[in-house]
Amino acid sequence: MYVAMVASECAPAAKVGGLADVVHGLARELQLRGQVVEVFLPMYDCMRYDRIWSLEQCWADLRVPYFDGGVRCEVLRGEVDHIPCFFIRPHSRENFFNRDAYYGQQDDPARFAFFSRAVLEFMYKSGRKPDILHCHDWQTGLVPVILYEIYQSLSMGHSRVCYTLHNVHHQGVTGPHILRQCGLGQHLMAPEKLRDNAHVGAVNLMKGGIVYSNFVTTVSPRYAEEIRQTGLGHGLQATLNASAGKFGGVLNGIDHGTWNPEVDNHIPFGYSISDFAGKFRNKAALRHRLLLQDKFKPIVAVVSRLDQQKGVQLISHAIFYALANRAQFVLLGAAPGKAVNDHFWALKQRLDGNPDCHLEIGYDEELSHLIYAGADMLVIPSVFEPCGLTQLIAMRYGTVPVARATGGLADTVVDANYGHKPCEERTGFTFDEFSEAGLESALGRAIGLWYGYPRYFHQLVLNGMRQNYSWNQSGGHYLNIYNHIRA
Ligand code: ADP
């Protein structure tokens, strides 16, 4: 089977968050299962070019329709961790992908709508006929629409689309000019098509993806329920319910090639369940790197985008709660918004010189590995969480998650005291209510167990390391979906 992944991120070359990990991990898994996979991405100026091998031009002059004219694009081919990737580079006045940022631009819908059209135009011109187009999030929501409206009658009649919702909070709601930009008709403004459910004059790109795809997934079973039944659907509940027959939750995996404490070359000491001593050495290495004092204390960590979704006020509260309760605290986080960024910089200055605390504001792939390896607990107090990967990585690295029970966190973290599963399947601490008291109830129990019952704490560590959240299982689910929609 030939699977074309169309996405705005792919780790490690173009990564903002979990979307990148998923595109990379699923593509690798499908390859290992013998499928032909190609990934299609924009060519951003801010990518990690050092993570792309053999990058070279493969198509010099791709003319992509744009309003009443066209934009000349180049297409480059390179390999990202053995995955063939094609990068679209438009030469337009708008300079779509040379903005020194992946997202956050005023014209994001126009940028990614252009990308969607360009990918299909490239497939058409280069004679590609994927069995499956797997599209991800609002950025590529127009791909199935454009495929259906334009390319299916040209040469891609047998291609089927699987569309994955990684975060329904961002839907790509924009003006109807976007249709004309992509060569689409205004008839798509109908309420059962792309018209936004709340704003009558607006186009919703994610809704288009849902309506026009052959199958729609989201990244955990719990989130699948939440976005159909509750306000977490942000207005898409009715659309998802109307598509219920072709919609389901498939839990994300993590790539065991990237996230494996036994062979991870970003950490100084390898370790495993049977050879655990390296974990303690990594804790010492983490302290050394971040100038924390070497005291008998647990390290509580956060690795996160610092976005409201991630529960920034509870992250701030966790810092002071941990420090007041005999723990050390480490944070690695990048804030896309100025207000949150300023807030954490102010906290950093306030805590400067505290030998039990280090706040690292920014994005640092290598340091994230050392934190997963060196910390004792990872706090994830999300307001909502479609799947979440950090709790899965933490468990694999023997770091106990302390998480709010929402979305994929609820599906994957089993509470040590109240979990409805046998003791050997309990892996962390959870809380329901999004409040300081809720967080304290879970983090307090975690720190208490670390000091009071270290053997029980260690049992939780081992339980987490034994969980298998690799792509193996989820890869199989996706293959079943692909076969189902091809049949
Ligand atoms: P989201 O996609 O909402 O950001 P996920 O938990 O699904 O959240 O995925 C987050 C991914 O991004 C993980 O691989 C995590 O290690 C990584 N990550 C998040 N923040 C940072 C950071 N500041 N530096 C390095 N890696 C980060």
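The values are calculated or read from the model by the stated rules, or taken from the named source; none is laboratory data. Small disclaimer: the values here were computed from a predicted structure and weren't measured. Virtual Cβ from ideal backbone geometry, glycine too; neighbours counted across all protein chains shown.
Go through the range 56-79 and count every residue that is more than 15 Å from Ser116 (Cα to Cα), in contact with a helix residue (DSSP H, G or I) (Cβ under 7 Å, 6 or more places away or on another chain) and not in a strand (DSSP E or B). Please lay out each step first, then the result.
The initial filter retains those residues of the range 56-79 that are more than 15 Å from Ser116 (Cα to Cα), namely 56-61, 68-69, 76-79.
With the extra rule that they be in contact with a helix residue (DSSP H, G or I) (Cβ under 7 Å, 6 or more places away or on another chain), the set shrinks to 59.
Okay, now just the ones that are also not in a strand (DSSP E or B), so none.
Within the range 56-79, residues that are more than 15 Å from Ser116 (Cα to Cα), in contact with a helix residue (DSSP H, G or I) (Cβ under 7 Å, 6 or more places away or on another chain) and not in a strand (DSSP E or B) number 0.
Selection of the range 404-413 for residues being within 14 Å of the ligand (Cβ to nearest atom) and in contact with an Asp or Glu (Cβ under 7 Å, 6 or more places away or on another chain) yields Thr406, Gly407, Gly408, Leu409.
Restricting attention to the range 375-403, and to residues there that are more than 14 Å from the ligand (Cβ to nearest atom) and not charged (D, E, K, R), which single residue is surrounded by the fewest Cβ atoms within 10 Å (Cβ to Cβ)? Show your work before the answer.
Taking the range 375-403 as the starting set, the residues that turn out to be more than 14 Å from the ligand (Cβ to nearest atom) are 376-377, 398, 400, 402.
Those still in the list that are not charged (D, E, K, R) too: 377, 398, 400, 402.
Working: Met377: 29, Gly398: 24, Val400: 28, Val402: 29.
Looking at the filtered set, the residue picked out is Gly398.
If the condition is being of a type in the set (A, V, I, L, M, F, W, C) and under 23 Å from Val250 (Cβ atoms), then the range 438-487 contributes Trp471, Leu479, Ile481, Ile485, Ala487.
Could you list, in sequence order, all residues of the range 177-192 that are over 21 Å from Thr239 (Cα atoms) and charged (D, E, K, R)? Arg180, the sole residue that qualifies.
Selection of helices (runs of 4 or more DSSP H) fully inside the range 397-476 by the criterion of at least 2 residues being under 18 Å from Ser382 (Cα atoms) returns 407-412, 436-452.
Out of Arg99, Arg93, Arg72, I need the residue that is of a type outside the set (A, V, I, L, M), in contact with a Ser or Thr (Cβ under 9 Å, 6 or more places away or on another chain) and more than 16 Å from the ligand (Cβ to nearest atom). Which one? After applying the criteria, what remains is Arg72.
Checking the stated criteria, Leu323 turns out not to satisfy the condition of being within 15 Å of the ligand (Cβ to nearest atom) and more than 18 Å from the chain's Cα centre (by Cα). Here Phe429 clears all of (1) crowded, with 24+ Cβ neighbours inside 10 Å; (2) within 16 Å of the ligand (Cβ to nearest atom) except the condition numbered (2). Looking at the structure I just gave you, is Ala416 within 16 Å of the ligand (Cβ to nearest atom), surrounded by 21 or more Cβ atoms within 10 Å (Cβ to Cβ) and either among the β-branched types (Val, Ile, Thr) or at pLDDT 95 or above (or both)? Against the criterion (within 16 Å of the ligand (Cβ to nearest atom), surrounded by 21 or more Cβ atoms within 10 Å (Cβ to Cβ) and either among the β-branched types (Val, Ile, Thr) or at pLDDT 95 or above (or both)), Ala416 does not qualify.
Residue by residue, here is whether (1) buried (at least 19 other Cβ atoms within 10 Å of the Cβ); (2) farther than 23 Å from Ile178 by Cα holds:
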position: Gln31; (1), (2): no, yes
position: Val37; (1), (2): yes, yes
position: Tyr49; (1), (2): no, yes
position: Tyr66; (1), (2): yes, no
position: Gly70; (1), (2): no, no
position: Cys85; (1), (2): yes, yes
position: Phe96; (1), (2): yes, no
position: Asp100; (1), (2): no, yes
position: Ala118; (1), (2): yes, no
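Only residues that are more than 19 Å from Gly398 (Cβ to Cβ) and among the aliphatic types (A, V, I, L, M): list them for the range 427-481, please. Across the range 427-481, the qualifying residues are Ala437, Leu439, Leu479, Ile481.
Cβ separations smaller than 8 Å between residues 6+ apart or across chains give the following pairs from the range 294-311 residues that are in contact (Cβ under 8 Å) with a residue 40 or more places away in the chain to residues that are of a type in the set (Ser, Thr, Tyr) and near the ligand (Cβ under 7 Å from one of its atoms): Val303/Ser368; Val303/Thr390; Ser304/Thr390; Lys310/Ser304. Has the range 372-390 got at least one residue that is aliphatic (A, V, I, L, M), more than 28 Å from Gln105 (Cβ to Cβ) and not in a strand (DSSP E or B)? Yes; the residues of the range 372-390 include at least one that is aliphatic (A, V, I, L, M), more than 28 Å from Gln105 (Cβ to Cβ) and not in a strand (DSSP E or B).
Restricting attention to the range 96-115, the residues being outside any loop (DSSP other than H, G, I, E, B) and at pLDDT below 95 number 0. Quick one: is Glu360 outside any loop (DSSP other than H, G, I, E, B) and at pLDDT below 95? The answer is no for Glu360. Among the criteria (1) surrounded by 16 or more Cβ atoms within 10 Å (Cβ to Cβ); (2) over 26 Å from the mean Cα position of the chain (by Cα); (3) in the same structural domain as Leu351 (by TED's automatic domain parsing), the one Lys310 does not fulfil is (2). Here His343 does not fit the description of being in a helix (DSSP H, G or I) and in contact with a His (Cβ under 8 Å, 6 or more places away or on another chain).
Taking the numbered list (1) exposed (fewer than 15 other Cβ atoms within 10 Å of the Cβ); (2) at pLDDT 95 or above; (3) under 22 Å from the mean Cα position of the chain (by Cα) in turn, Ser126 passes all entries but (3).
Checking each residue in the range 9-29 for being under 14 Å from Met47 (Cα atoms), surrounded by fewer than 24 Cβ atoms within 10 Å (Cβ to Cβ) and more than 9 Å from the ligand (Cβ to nearest atom) picks out only Pro12. From the list Leu292, Leu286, pick out the single residue that is at pLDDT 95 or above, within 16 Å of the ligand (Cβ to nearest atom), farther than 21 Å from Glu436 by Cβ and not in a strand (DSSP E or B). Selected residue: Leu286, the only one of Leu292, Leu286 that is at pLDDT 95 or above, within 16 Å of the ligand (Cβ to nearest atom), farther than 21 Å from Glu436 by Cβ and not in a strand (DSSP E or B).
Return yes when Ile273 is in a loop (DSSP other than H, G, I, E, B), β-branched (Val, Ile, Thr), at pLDDT 95 or above and under 23 Å from the mean Cα position of the chain (by Cα) and no when it is not. Show your work before the answer.
Numbers: in a loop (DSSP other than H, G, I, E, B): yes; β-branched (Val, Ile, Thr): yes; at pLDDT 95 or above: yes; under 23 Å from the mean Cα position of the chain (by Cα): no.
No.
Of all the criteria given as (1) under 28 Å from Gln391 (Cα atoms); (2) touching a residue at least 24 places away in the same chain (Cβ under 8 Å), the one not satisfied by Phe112 is (1).
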